[in-house]
1. Show the residue pairs that are 6+ apart or on different chains and have beta-carbon atoms under 6 Å apart, the first residue being within the stretch 138-153 and farther than 20 Å from Ser107 by Cα, the second being assigned to a helix (DSSP H, G or I) and β-branched (Val, Ile, Thr).
2. If you check every pair at least six apart or on different chains, which have Cβ atoms under 6 Å apart with a residue in the stretch 63-89 that is of a type in the set (A, V, I, L, M) first and a residue that is part of a loop (DSSP other than H, G, I, E, B) second?
3. Looking only at the stretch 105-142, count every residue that is polar (S, T, N, Q) and not in a helix (DSSP H, G or I) and tell me the total.
4. Out of the residues in the stretch 91-143 that are of a type in the set (Lys, Arg) and over 30 Å from Asp158 (Cβ atoms), which is nearest to the chain's Cα centre (by Cα)?
5. Report, by residue number, each residue of the stretch 75-95 that is exposed (fewer than 14 other Cβ atoms within 10 Å of the Cβ) and either in contact with a strand residue (DSSP E or B) (Cβ under 6 Å, 6 or more places away or on another chain) or assigned to a helix (DSSP H, G or I) (or both).
6. What is the one condition in (1) surrounded by 12 or more Cβ atoms within 10 Å (Cβ to Cβ); (2) modelled with pLDDT under 85 that Arg48 does not satisfy?
7. Within the stretch 15-35, does at least one residue satisfy the condition of being under 22 Å from the mean Cα position of the chain (by Cα), in a helix (DSSP H, G or I) and at pLDDT below 80?
Amino acid sequence: MEAKDLVVGVIATTLVFGAYFVGVFEGQRNTRAWREWFASLTRQLRLRGFFWIAAVPIGWLLLFYGFVLCVWLALGHWPAFGQPLSGWPLLLSEKVIRYVAWGLICSLWATPLIFAGCLLLPRWRHVSIYAIAYAAAVGVAFGLMLLAPHPFLNWFFD
């Protein structure tokens, strides 16, 4: 066991049991307050907000499938494993797709922080729902990416 594993364990234990020892779970039970709290999560949600958070993953997915089509049209067949692309437009498209995909993956690391932080601020509480929806949109986009033809995916992930 390494030191970093112990640090992660201590942090997780502190977060889980810290609230109990501080006394967060003690006090009077007011079911109306809980209902109001959950209602405050969804009161300010708008359909336009869900479209906005899904725009980047959907745009990346459209770009990816446009690239799949361009590779098919340029080569006349699916690329073989390890086959390099020719032409700067295809190479540029491939790099853009990979960088945006990496950006989407890296943005998921901040999503739990945004989720937790926004739950604590009453004015921004509804943003936590958008954070969950963004993570789901990224997951759906990557899941739909895997529906591309298998020879292309084998080439793309090599």
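1. Ala148/Val68; Phe152/Val68
2. Short answer, once both residue conditions are applied: Val68/Ala148.
3. Number of matching residues: 0.
4. Per the stated criteria, the residue is Arg125.
5. Trp88, Pro89, Leu91, Leu92, Lys95, listed by residue number.
6. Every condition holds for Arg48 apart from (1).
7. For the stretch 15-35, residues under 22 Å from the mean Cα position of the chain (by Cα), in a helix (DSSP H, G or I) and at pLDDT below 80: absent.
For (1) touching a residue at least 24 places away in the same chain (Cβ under 8 Å); (2) out of contact with any Ser or Thr (no Cβ under 7 Å at 6 or more places or on another chain); (3) acidic (Asp, Glu); (4) over 30 Å from Val68 (Cβ atoms), each residue gets a yes or a no:
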site: Leu113; (1), (2), (3), (4): no, yes, no, yes
site: Cys118; (1), (2), (3), (4): no, no, no, yes
site: Leu121; (1), (2), (3), (4): no, yes, no, yes
site: Tyr130; (1), (2), (3), (4): yes, yes, no, no
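The values are calculated or read from the model by the stated rules, or taken from the named source; none is laboratory data. Just so you know, these numbers come straight off a predicted model, no measurement behind them. Glycine gets a Cβ as well: all are built from the backbone with ideal geometry, and neighbour counts include every protein chain shown.
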